[in-house]
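Here the structure is laid out as structure tokens; the discussion comes afterwards.
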Amino acid sequence: MIVGVNRVYEHAGRQYHIQAEDLGLEQACFEVRVYDGGTVLWRKKLPYAEILQKNLPRLEQDESLRALMEKTLQTVQAAIAKGKLT
């Protein structure tokens, strides 16, 4: 299981902390949050049951989940840059 991934993204003179946190295999989802100065600006839960259904070896499963989280953080960064989450 991957605990999560974090990134600090600077845009328009502000620093946003973008975090993806695995909520566990029981829920089979992770939550993405965007913080500005400790305040949550946006959050969303995203499922990853499709990854689990592939019955991959544990390492490959973790790599797939990490890749999905990273891709999601890139999408969130793009939304911030376009002014959609601020």
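Below is a table of values for the structure above.
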item	result
Sole residue being part of a loop (DSSP other than H, G, I, E, B) and among the β-branched types (Val, Ile, Thr), chosen from ILE18, ILE80, ILE51, ILE2	ILE2
Some residue of the range 28-43 being within 18 Å of ILE2 (Cα to Cα), loosely packed, with under 14 Cβ neighbours inside 10 Å and of a type outside the set (Val, Ile, Thr)	no
Meets criteria (at pLDDT below 95 and either within 25 Å of GLY83 (Cα to Cα) or among the charged types (D, E, K, R) (or both)) for GLY24	no
Output for the range 75-86, where each listed residue is surrounded by 13 or more Cβ atoms within 10 Å (Cβ to Cβ) and either under 15 Å from GLN19 (Cα atoms) or at pLDDT 95 or above (or both)	VAL76, GLN77, ALA79, ILE80, ALA81, LEU85
Residue that is nearest to GLU21 (Cα to Cα) [pool: residues in the range 61-74 that are open to solvent by 50 Å² or more (accessible area, probe 1.4 Å) and among the acidic types (Asp, Glu)]	GLU70
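The values are calculated or read from the model by the stated rules, or taken from the named source; none is laboratory data. Just so it is clear, the structure is predicted and the values come from calculations on it, not from any experiment. Counting neighbours? That spans all protein chains shown, and the Cβs are built from the backbone with ideal geometry, glycine included. Protein only, heavy atoms only, side chains kept; ligands, DNA and RNA dropped before computing areas. Shrake-Rupley method; radii C 1.70, N 1.55, O 1.52, S 1.80 Å.
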